[in-house]
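To keep things clear, I will list the structure first and then write my remarks on it.
The values are calculated or read from the model by the stated rules, or taken from the named source; none is laboratory data. Computed from a prediction, not measured in an experiment: that's the story for all the values here. Here Cβ is always computed from backbone atoms with ideal geometry, including for glycine, and neighbour counts include all displayed protein chains. SASA here: full protein model, heavy atoms, side chains in, ligands and nucleic acids out. Shrake-Rupley method; radii C 1.70, N 1.55, O 1.52, S 1.80 Å.
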Amino acid sequence: MAEAEKAAQKLREDLNLGTAPIESFVGLLEAHGAIVITGHLAEDAPFDGLAGWAGTSRPVIYINSNRSTDRTRYNLAHEFGHLYLNCDELSEKERENIAHRFAAAFIVPKEAVIHELGGPRRNLSLAELGLLKRKYGLSIQAWIRRAYDLEVINTHLYRTLYTELSIRGWRRQEPPKFD
């Protein structure tokens, strides 16, 4: 997974993005030659996105737009990760895990996570994560996983936060705004 983290950091450096939130994912990808196609599929569609190449150098990403804004942003970064990373020799499960880690690291780089959350935390509220969701466009669930992957929170807090999401019914659909 360290490769995905490094690749996301390198891409942000190559694109001169720093650690700031990305305003428009579609705009960023299209400005660098990608073709982004969106379509409104059914809620129960079997996929959120697909990625491939037009010719040898033009990335094409199809995204199901029937998702929340933060989910769509994540899916764009995830699908781009499949194209950007060279993981053909890995199993499908490993490729998916790496693309997930790349997506989260590209949306919110490690330095931004540390800046926002600090060092190891013993507590973290959904309200705080809701503010970060609004700022960076990364879901609360993905923030929890990102904090866990970077060892900002431990396994117990990780599970506690996911349990709280489940109790509130937010595992499938988080509220767009959190106050």
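A few comments on the model shown:
- Selection within segment 42-64 - assigned to a loop (DSSP other than H, G, I, E, B) and open to solvent by 50 Å² or more (accessible area, probe 1.4 Å): Ala42, Glu43, Asp44, Pro46, Phe47, Gly55, Thr56, Ser57
- Flag set for Phe80, criterion: within 29 Å of Pro46 (Cβ to Cβ), in contact with a strand residue (DSSP E or B) (Cβ under 7 Å, 6 or more places away or on another chain) and touching a residue at least 24 places away in the same chain (Cβ under 8 Å).
- Taken over segment 97-117, the criterion of being in a helix (DSSP H, G or I) and within 21 Å of Gln173 (Cα to Cα) is satisfied by His100, Arg101, Ala103, Ala104, Ile107.
- Screening the candidates Gly27, Gly33, Gly81, Gly55 for the property of being modelled with pLDDT of 90 or more and on the phi > 0 side of the Ramachandran plot yields one hit, Gly33.
- All conditions but one from (1) in contact with a strand residue (DSSP E or B) (Cβ under 9 Å, 6 or more places away or on another chain); (2) surrounded by fewer than 16 Cβ atoms within 10 Å (Cβ to Cβ); (3) part of a helix (DSSP H, G or I) apply to Gly33; the one that does not is (3).
- Evaluation of Lys93 against (1) assigned to a loop (DSSP other than H, G, I, E, B); (2) without any contact (Cβ under 8 Å) to a residue 12 or more places away in the chain; (3) within 25 Å of Gln173 (Cα to Cα) (one fails), failing number: (1)
- Considering segment 108-164, and only residues there that are aromatic (Phe, Trp, Tyr) and out of contact with any Pro (no Cβ under 6 Å at 6 or more places or on another chain), the residue that is surrounded by the most Cβ atoms within 10 Å (Cβ to Cβ) turns out to be Trp143.
- Hits in segment 76-107 (condition: surrounded by 13 or more Cβ atoms within 10 Å (Cβ to Cβ) and polar (S, T, N, Q)): Asn97
- The single condition among (1) open to solvent by 40 Å² or more (accessible area, probe 1.4 Å); (2) in a helix (DSSP H, G or I); (3) among the basic types (Lys, Arg) that Arg67 does not meet is (2).
- For segment 1-17, a tally of residues being open to solvent by 90 Å² or more (accessible area, probe 1.4 Å) and touching a Leu at 6+ places or on another chain (Cβ under 9 Å) returns 1.
- Answer residue from segment 118-136, given it is among the hydrophobic types (A, V, I, L, M, F, W, C) and over 17 Å from the mean Cα position of the chain (by Cα) and is farthest from Arg171 (Cα to Cα) among those: Leu124
- Scanning segment 18-30 for residues that are open to solvent by less than 50 Å² (accessible area, probe 1.4 Å) and of a type in the set (Val, Ile, Thr) gives a single hit, Ile22.
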